[in-house]
Amino acid sequence: MDIRQLRYFIAVAEELNFSRAARRLNLSQPPLSLQIKALEHEVGAPLFLRQRRGVELSQAGQILLEQAREALAKLDQAMGTAQRAARGEVGLLRIGYTGSAPIHASFSKILRRFSQTYPEIHLELLHASTSEQAEMLTGRRLDLGFLRPSPTYPLPKNVTIRRLWSDPLELFAPKGHPLLRERGAIAVQALKPLPFIFFANPSRRGLNGHVVHLCGSAGFTPKVVQEAEDGGAILGLVAAGLGVAVLPKCYGKIVVNDVVRRPLTSAEAKSDLYLAYNQDRASDHLMRFVTLGSSTVTAD
């Protein structure tokens, strides 16, 4: 039994006439009759009851018709899925993101637009630091990453990046702090005697490394007195007066009472967020995400 025989059988079963079925299939009637007889031989039972006025489905034929339709529908579905996968329209993308990425409006716009355009590509999201994402991209455990490489932490050579947007780095300090008495930008050097609050986990070399580099350019090493797992927790510790933090401006969208932010005067006080991927794993649907992501941010 093959797919062709099933298609021939369905045509005869729907037409209940060999001549009409042959015309529908663009065949002559004798080859069609031979294929049906071969199929009946394999089934071991007649599929049609031959009558003077035409043919009728036998009980075996009725059962086979239902199953044959389902089989061909599944086959057509499988072929369509395979063809869409070949065009990069079906599959899985594992995407990492730093804690600051979802705060930016473009992040949700990119994910929403991609999911609407390619609904059969499943997005599996993972919250991870920049260095953790770089390791997973190199190890092929991640397809794409939204990350913030720092001047002190270059990414592996096989990781390709595209800049999506840039955030100024700003000082976040508790309300009433002496540095906030004057309005305007604050020099990084003025932060030297202050206690800092950093992200926890030594692997967080992206933003932490950038702040260390920024302070180093001003001639000092930041005195870290507290650590927290995420930006919201850091702002909570700042509000409690336990220290100050230097974070991307987007963290100002997290409303925490008694926290005030100020811009910094240094030209290095900015952090770029990139879309990164392993060039060796640049599949069609991965590159579709990269292209759509870049165009979405540009449109903003």
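Quick one: what pairs do we get from region 249-267, first residue touching a residue at least 24 places away in the same chain (Cβ under 8 Å) and over 9 Å from Leu235 (Cβ atoms), second of a type outside the set (A, V, I, L, M) and outside any strand (DSSP E or B), C-beta under 6 Å, 6+ apart or different chains?
Pairs that qualify, where the first residue is touching a residue at least 24 places away in the same chain (Cβ under 8 Å) and over 9 Å from Leu235 (Cβ atoms) and the partner is of a type outside the set (A, V, I, L, M) and outside any strand (DSSP E or B), are Cys250/Ser100; Cys250/His104; Asp258/Lys175; Val260/Lys175; Arg261/Gly252.
Within region 219-243, can you find the residues that are open to solvent by 40 Å² or more (accessible area, probe 1.4 Å) and assigned to a loop (DSSP other than H, G, I, E, B)?
The answer is Gly219, Thr221, Glu229, Asp230, Ala240, Gly241, Leu242.
I'm told Val255 meets every condition in (1) open to solvent by 60 Å² or more (accessible area, probe 1.4 Å); (2) within 26 Å of Gln133 (Cβ to Cβ); (3) not in a strand (DSSP E or B) except one. Can you identify the failing condition by its number?
Failing condition for Val255: (2).
Quick one: in region 97-113, which of the residues that are open to solvent by less than 30 Å² (accessible area, probe 1.4 Å), small (Gly, Ala, Ser) and within 16 Å of the chain's Cα centre (by Cα) is farthest from Thr298 (Cα to Cα)?
Looking at residues that are open to solvent by less than 30 Å² (accessible area, probe 1.4 Å), small (Gly, Ala, Ser) and within 16 Å of the chain's Cα centre (by Cα), I get Ala101.
Return a yes/no flag: does region 72-83 have any residue that is open to solvent by less than 60 Å² (accessible area, probe 1.4 Å) and closer than 30 Å to His210 by Cα.
No, there is no match, as no residue in region 72-83 is open to solvent by less than 60 Å² (accessible area, probe 1.4 Å) and closer than 30 Å to His210 by Cα.
Using the structure shown, decide if Arg281 is within 25 Å of Phe146 (Cα to Cα) and within 22 Å of the chain's Cα centre (by Cα).
Numbers: within 25 Å of Phe146 (Cα to Cα): yes; within 22 Å of the chain's Cα centre (by Cα): yes.
For Arg281, the condition - within 25 Å of Phe146 (Cα to Cα) and within 22 Å of the chain's Cα centre (by Cα) - is met.
Give me a count of the residues in region 119-139 that are more than 18 Å from Gln279 (Cα to Cα) and either surrounded by 15 or more Cβ atoms within 10 Å (Cβ to Cβ) or under 10 Å from the mean Cα position of the chain (by Cα) (or both). Even if it seems obvious, please write down each step before you answer.
Of region 119-139, the ones more than 18 Å from Gln279 (Cα to Cα) are 119-129.
Then drop every residue that is not either surrounded by 15 or more Cβ atoms within 10 Å (Cβ to Cβ) or under 10 Å from the mean Cα position of the chain (by Cα) (or both), which leaves 121-126, 128-129.
Residues that pass the stated criteria total 8.
For region 258-272, give me each residue that is surrounded by fewer than 18 Cβ atoms within 10 Å (Cβ to Cβ) and in contact with a His (Cβ under 8 Å, 6 or more places away or on another chain).
Correct list: Val260, Glu268.
Does Gly184 qualify as being closer than 30 Å to Ala282 by Cβ and of a type outside the set (S, T, N, Q)?
Details: closer than 30 Å to Ala282 by Cβ: no; of a type outside the set (S, T, N, Q): yes.
No.
For residues that are within 15 Å of Gly99 (Cβ to Cβ) and of a type in the set (Lys, Arg), scanning just region 166-205, find the one that is least open to solvent (accessible area, probe 1.4 Å).
Of everything passing the filter in region 166-205, Arg204 is least open to solvent (accessible area, probe 1.4 Å).
Quick one: how many residues across region 207-218 are open to solvent by less than 50 Å² (accessible area, probe 1.4 Å) and part of a helix (DSSP H, G or I)? Write out each step before concluding.
The first filter runs over region 207-218 and keeps only residues open to solvent by less than 50 Å² (accessible area, probe 1.4 Å), leaving 207-211, 214-216, 218.
Among the residues that remain, those that are also part of a helix (DSSP H, G or I) are: 207-211, 214-216.
So the count comes out to 8.
Can you name the number of the only condition in (1) under 25 Å from the mean Cα position of the chain (by Cα); (2) at pLDDT 95 or above; (3) not charged (D, E, K, R) that Gly231 fails?
All conditions are met except number (2).
Is it true that Gln116 is open to solvent by 70 Å² or more (accessible area, probe 1.4 Å) and more than 15 Å from the chain's Cα centre (by Cα)? Even if it seems obvious, please write down each step before you answer.
Values: open to solvent by 70 Å² or more (accessible area, probe 1.4 Å): yes; more than 15 Å from the chain's Cα centre (by Cα): no.
Considered against the rule, which asks whether it is open to solvent by 70 Å² or more (accessible area, probe 1.4 Å) and more than 15 Å from the chain's Cα centre (by Cα), Gln116 comes out as no.
Please pick out the residue among Pro248, Pro195 that is under 20 Å from Ala134 (Cβ atoms) and at pLDDT 90 or above. Don't jump to the end; show me each part of the working.
Working: Pro195 fails: under 20 Å from Ala134 (Cβ atoms).
From the options Pro248, Pro195, the qualifying one is Pro248.
Please specify each residue of region 42-68 satisfying the condition of being farther than 16 Å from Ile3 by Cα, open to solvent by 40 Å² or more (accessible area, probe 1.4 Å) and out of contact with any strand residue (DSSP E or B) (no Cβ under 8 Å at 6 or more places or on another chain).
Listed by number, the residues that qualify are Gly44, Pro46, Arg50, Gln51, Arg52, Arg53, Gln59, Gln62, Ile63.
Every residue in region 208-230 that is touching a strand residue (DSSP E or B) at 6+ places or on another chain (Cβ under 6 Å) and over 17 Å from Ala187 (Cα atoms), please.
Once the filter is applied, which keeps residues that are touching a strand residue (DSSP E or B) at 6+ places or on another chain (Cβ under 6 Å) and over 17 Å from Ala187 (Cα atoms), region 208-230 yields Asn208, Val224, Val225, Gln226, Glu227.
Could you check region 1-116 for strands (runs of 3 or more DSSP E) lying wholly inside it with 1 or more residues that are touching a residue at least 40 places away in the same chain (Cβ under 8 Å) and in contact with an Asp or Glu (Cβ under 6 Å, 6 or more places away or on another chain)?
Details: elements: 48-51, 54-57, 91-97.
In region 1-116, 91-97 are the strands (runs of 3 or more DSSP E) which contain 1 or more residues that are touching a residue at least 40 places away in the same chain (Cβ under 8 Å) and in contact with an Asp or Glu (Cβ under 6 Å, 6 or more places away or on another chain).
The values are calculated or read from the model by the stated rules, or taken from the named source; none is laboratory data. Bear in mind the structure is a predicted one, so any value in this text is a computation, not a measurement. As a convention, Cβ positions derive from the backbone with ideal geometry for all residues, glycine included, and neighbour counts pool all protein chains shown. Just so you know, the surface numbers come from the protein's heavy atoms only, side chains and all, with ligands and any DNA or RNA stripped out. Shrake-Rupley method; radii C 1.70, N 1.55, O 1.52, S 1.80 Å.
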